[in-house]
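Written below as structure tokens is the structure these notes are about.
Where a number appears in this text, it was derived from the coordinates with a stated rule and is not lab data. Nothing here was measured: the structure is a model prediction, and the numbers come from that model. With ideal geometry, Cβ positions are generated from the backbone for all residues, glycine too; neighbour counts draw on all protein chains shown.
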Amino acid sequence: PFTPGVAAPQVRDRGLDLGEGGRAGGQASAQAVRARGAWQSLGGRITSRPSAAAAGPAAEEHSVYARGTGNAAYYHRFNASTPGWHSLGGRLTTGPAAFMRIQATIPENDVYALGTDNQIYENIVDWGAATPGVSGWHLAG
């Protein structure tokens, strides 16, 4: 069965809804996104509920984050020159949560998750270039 409606409210306001496909062995078999109408698959396999954040000022600029197999974090950015899932690495015990902020006019996503030591880690994804800059996981705070 398909479960719609797990998107972050700030992204839902921008015309995006998230959902996940059926689960088998603790992994979602598909993820889907609905942007202004029809549901479409994002592909891949995830082991957490997806989360989303705006990735720029335009309504169609958003990213989806999830924990994948191997417990690493992954992101999927829409309208990107390199579509699909991309690894942020890490060994997480929860799915990542993300939000957008503007740093010196450059949109960034601050991504948070629990590591295997039960500490909160942060990874900053900088959307200022075609290939995003990634800070790497470090203790939050």
Simple spin-label estimate for Gln119 and Ala72 in nanometres, 7 Å along Cα-Cβ: 2.2
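Taking 35 Å as R0, compute the FRET efficiency from the Cβ-Cβ separation of Ala129 and Thr94 and round it to 0.05.
The formula returns an efficiency of 0.75 here.
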Projected label distance in nm at Leu139 and Ile106, using a 7 Å step from Cα toward the beta-carbon: 2.6
